[in-house]
Amino acid sequence: MDSTTSSRSSRCDVPVPTVDFPSLSRRATVLVGGLLLAAFACARPAEWQGSITTRDGVTYVDNPAEGLWQDAGRPPFRLELEQTFGVEDEPEEKLLGFITGVAVDERGNVYVLDRRFNEIIAFAPDGEVIWRRGRAGEGPGELQGANGMAWGGRRGLYVSNLNGARIDTFDLDGNFVSSHSLADLGMSTAYVAGFLEPDTLVVWSWGRDRDGVTIGTLEVGDTWRLKAEFFVAGGSDDDPALMDGTNIDVQTGGGRIRTGHRLRYLLREFDDRGNVARVIGRDVPDLVPTLSYRGTGWNFGEFKAPLAFPDGSLLVPRFRARGVESAEQFIAELERRATEGIREEFPVYEAAFDLLDDRGRYIGSIEEPGSFEETALPALVGPDGRLYTRVFEPFAQVRRYRLDVER
């Protein structure tokens, strides 16, 4: 067993700029960011108190509540908005309906899967529309219940169609190429998550009666075949009454499959066969399990899957409901508010991004109100090293952010 601890220095006090978005219906102030290096002459030493161990070929990273960057008065990194794709005051050709997939190619072109319009929309890096393709239906080039899309290099775009029953491929001009039935590959329904390498496509399916995901890896060369299929738990397996059978977040990048968790800071990385390669934890309180109450499902937070940047650093989106300590307390508070006629929003959510270095060590966080109200929900890190997010309300939109490194 190998155990490692290390130290890192935080920067001195410098102003942190913000970015304002007057073009949006709600003026949003978005924080912007990058890794902080230990070499600053004005740096203040900060000892990392976690551990990195290796057992049976698996690396375990146990992070403390505090990271390498200790100055609680300032965020340790920033995300800078560069471009938006699809806005409310643009021509109709740029309007988006309901985004269920985002893909980015090596040139920075952005492809948006729109389930409301049953289309794929291609945007240039500057936000101009290149083409729109698709129509409602089940035939070649038609979309129905499409959810999930990935860029497969020279092979083009891979789209989950017919509510996950098949995967359709399109070239980068939007022309239909082929269809592949999931049933023919030994799976039921599944949705595209991303690629590990040019010929290995990652798909996922709902946990159904278990809180988690079934992940599959498909070889998609000249012939398609199922390479591996495995289940990743993501909820309260020891308390079935509180499970809602929903999925957990899945991301790809850097040759790994990454998953989040609904209760614990338990971030896992897998290879293409489903073998665990690394487990990253952090000493923070567990979240309250999801539940159903009077026909409504409630999710009180989630540690989402890490997004990998080209330098190996990881961005971990997470959110939680403030003031909810247990299922019993939540139900009692709902009933009290109903009895007393209280109409204030409850619960109130807050979100954060954690930054980890390439070894999985926690550096620090930036926080947002709501569930990613400022940056919107993270979708992927593109080949350009940019973070892409998707907005649903008040209008559909994709945003591109740069993770800056302060030197």
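The values are calculated or read from the model by the stated rules, or taken from the named source; none is laboratory data. Given the structure is predicted, the values throughout are model-derived calculations rather than measurements. Using ideal geometry, Cβ is built from the backbone for each residue, glycine included, and neighbour counts are taken over all protein chains shown.
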Answer residue from the range 332-375, given it is without any contact (Cβ under 8 Å) to a residue 60 or more places away in the chain, under 30 Å from Ser51 (Cα atoms) and of a type in the set (A, V, I, L, M) and is surrounded by the most Cβ atoms within 10 Å (Cβ to Cβ) among those: Ala351
Meets criteria (in contact with a Pro (Cβ under 7 Å, 6 or more places away or on another chain) and within 30 Å of Gly281 (Cβ to Cβ)) for Gly216: no
- line: Within the range 67-83, residues surrounded by fewer than 19 Cβ atoms within 10 Å (Cβ to Cβ) and either within 26 Å of Asp171 (Cα to Cα) or at pLDDT below 90 (or both) come out as Gln70, Asp71, Ala72, Gly73, Arg74, Gln83
Pairs, first within 11 Å of Glu142 (Cα to Cα) and free of Cβ contacts under 8 Å to residues at least 60 places away in the same chain in the range 106-121, second among the acidic types (Asp, Glu) and buried (at least 16 other Cβ atoms within 10 Å of the Cβ), C-beta under 8 Å, six or more apart: Asn118/Glu142; Ile120/Asp114
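Can you find a residue in the range 265-279 that is small (Gly, Ala, Ser), modelled with pLDDT under 95 and surrounded by fewer than 19 Cβ atoms within 10 Å (Cβ to Cβ)?
First, the residues of the range 265-279 that are small (Gly, Ala, Ser): 274, 277.
From the residues that got through so far, the ones that are modelled with pLDDT under 95 too are none.
Among the residues of the range 265-279, not one is small (Gly, Ala, Ser), modelled with pLDDT under 95 and surrounded by fewer than 19 Cβ atoms within 10 Å (Cβ to Cβ), which makes the answer no.
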- prompt: Has the range 263-282 got any residue that is in contact (Cβ under 8 Å) with a residue 12 or more places away in the chain, over 26 Å from Gly194 (Cβ atoms) and in contact with a Phe, Trp or Tyr (Cβ under 7 Å, 6 or more places away or on another chain)?
  reply: no
- request: Sort out which residues of the range 262-285 are of a type in the set (Gly, Ala, Ser), closer than 15 Å to Thr217 by Cβ and assigned to a strand (DSSP E or B), and write them in order of number.
  value: Ala277
- request: Check whether at least one residue in the range 188-199 is over 25 Å from Arg135 (Cα atoms), among the hydroxyl-bearing types (Ser, Thr, Tyr) and touching a helix residue (DSSP H, G or I) at 6+ places or on another chain (Cβ under 9 Å), and report yes or no.
  value: no
task: Output the qualifying pairs, or none if there are none: Cβ atoms under 6 angstrom, residues six or more apart or on different chains, first residue in the range 125-138 and hydrophobic (A, V, I, L, M, F, W, C), second residue surrounded by 15 or more Cβ atoms within 10 Å (Cβ to Cβ) and modelled with pLDDT under 95.
output: Val129/Lys94
field: Unique match (being among the charged types (D, E, K, R), assigned to a loop (DSSP other than H, G, I, E, B), over 18 Å from Gly254 (Cβ atoms) and out of contact with any helix residue (DSSP H, G or I) (no Cβ under 7 Å at 6 or more places or on another chain)) among Glu328, Glu344
entry: Glu344
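Which residue out of Asp89, Asp114, Asp13, Asp20 is out of contact with any Pro (no Cβ under 6 Å at 6 or more places or on another chain), modelled with pLDDT of 95 or more and of a type in the set (Asp, Glu)? Lay out the reasoning, then the answer.
Numbers: Asp89 fails: modelled with pLDDT of 95 or more; Asp13 fails: modelled with pLDDT of 95 or more; Asp20 fails: modelled with pLDDT of 95 or more.
Going through Asp89, Asp114, Asp13, Asp20 in turn, just one is out of contact with any Pro (no Cβ under 6 Å at 6 or more places or on another chain), modelled with pLDDT of 95 or more and of a type in the set (Asp, Glu): Asp114.
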message: Among the residues in the range 363-376, are any within 17 Å of Glu82 (Cα to Cα) and in a strand (DSSP E or B)?
response: no
